[in-house]
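Below is one structure; the comments refer to it alone.
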Amino acid sequence: MWRGRAIDLSGVTPPFDGAQIIDAIAGTREKLRVVCEEPCELYAHVGRIEPEMTVQRSTALAAAARSRGWSAPQDEEYSRIQDRIEELSIAGIDTDDARRRLAETTDEIERQRERVARLQGEVKALRQRPEQQTSEPYQELKRAIQKLSELETERAAAEQTLERARERQRRLHDRYDERLALEDRAANLARAARRHLCDRLHDEFTRTVESVPGADDGPVATALALVRLGEISAPIVLECGRFDTVQTAADWLNVPVIGL
């Protein structure tokens, strides 16, 4: 068990993998646990710092600004639009069942009409031979006509059900168009907010990159500068060798550090 703001695991055997530590911090590793504050949005960009990493600079810089509690002029409208988009998030309307039931009922009606016609023919023939008349054919014809009436009523109901489903589909299509327009607007607002935050933090970020230990301005230097600029409570997993000790890294970054 290790504890503290600066933990050096570089000499542990077998060695830890950075991805293992990140999973443990996120709480998704069964046999390894890191008790710490919940990672913020910025952490997703700079939580693990290693030579092969890449950084989406503008997105991460905006996240650093957000971690400091900064806001953008576009935030209020963006929030309203997101609320409306959520209201428009409804399930699609499936008309397959309604169409299938209508088709089945129509087929049943055709078969029943044929049966009624056949029974009517039999009853007509019996009327021409009074000596062979019985009540059963008449009763069977009556039942067949009643069944046909019930099927026609059922088909009318199926037609109404299908029409209502189609009307809901049309309304859903209108809502879908509105949602697409709102999503486009939200994306534009998010980009504008990101530009605003990046512009606001740009000069400080540039100065911080210049002060990062080491001589380059690549992804590692960018990530280290973002950590120093932002407000991060979860421990950073450091695999870059830019600092003499893990404690030095924790002091310079002003965050908890796990060194590998």
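Looking only at the range 157-172, decide whether some residue is in contact with a helix residue (DSSP H, G or I) (Cβ under 7 Å, 6 or more places away or on another chain) and among the basic types (Lys, Arg). No; the residues of the range 157-172 include none that is in contact with a helix residue (DSSP H, G or I) (Cβ under 7 Å, 6 or more places away or on another chain) and among the basic types (Lys, Arg). Candidates are the residues of the range 26-60 that are of a type in the set (A, V, I, L, M, F, W, C) and within 23 Å of the chain's Cα centre (by Cα); the one that is modelled with the lowest pLDDT is ALA26.
In this structure, is ARG113 in contact (Cβ under 8 Å) with a residue 40 or more places away in the chain, assigned to a helix (DSSP H, G or I) and surrounded by 12 or more Cβ atoms within 10 Å (Cβ to Cβ)? No: the conditions fail for ARG113. Any residue that is within 27 Å of ILE25 (Cβ to Cβ), of a type in the set (Val, Ile, Thr) and surrounded by fewer than 15 Cβ atoms within 10 Å (Cβ to Cβ) - is there at least one of those in the range 204-220? No: zero hits.
Scanning the range 187-203 for residues that are aliphatic (A, V, I, L, M) and surrounded by 14 or more Cβ atoms within 10 Å (Cβ to Cβ) yields LEU189, ALA190, ALA192, ALA193, LEU197, LEU201. Scanning the range 85-110 for residues that are closer than 19 Å to LEU180 by Cα and surrounded by 14 or more Cβ atoms within 10 Å (Cβ to Cβ) yields a total of 3.
Checked against the criterion of being closer than 30 Å to GLY69 by Cβ and either modelled with pLDDT under 85 or part of a helix (DSSP H, G or I) (or both), the candidates ALA157, ALA215, ALA193 yield just one match: ALA193.
Might you check whether a residue that is assigned by TED's automatic domain parsing to the domain that holds TYR43, loosely packed, with under 13 Cβ neighbours inside 10 Å and modelled with pLDDT under 95 occurs anywhere in the range 223-244?
yes
Looking only at residues of the range 160-186 that are of a type in the set (Gly, Ala, Ser) and surrounded by 15 or more Cβ atoms within 10 Å (Cβ to Cβ), we find that the one that is nearest to the chain's Cα centre (by Cα) is ALA186. Filtered by the rule that a residue be buried (at least 21 other Cβ atoms within 10 Å of the Cβ) and under 27 Å from MET1 (Cβ atoms), the range 34-47 gives TYR43, VAL46, GLY47.
Right, ALA63: on the phi < 0 side of the Ramachandran plot and touching a Cys at 6+ places or on another chain (Cβ under 9 Å) or not?
Yes; evaluated as a whole, the condition is true for this residue.
If you take the residues of the range 127-144 that are crowded, with 16+ Cβ neighbours inside 10 Å and out of contact with any Lys or Arg (no Cβ under 7 Å at 6 or more places or on another chain), which of them is modelled with the lowest pLDDT?
Restricting attention to the range 127-144, the residues satisfying the condition of being crowded, with 16+ Cβ neighbours inside 10 Å are 137, 141, 144.
Okay, now just the ones that are also out of contact with any Lys or Arg (no Cβ under 7 Å at 6 or more places or on another chain), so 137, 141.
On the way: PRO137: 76, LEU141: 83.
Taking the candidates together, the pick is PRO137.
The values are calculated or read from the model by the stated rules, or taken from the named source; none is laboratory data. Owing to the predicted nature of the structure, the values given are computational and were not obtained by experimental measurement. Heads up, the Cβs are rebuilt from the backbone with ideal geometry, glycines too, and the neighbour counts pull from every protein chain shown.
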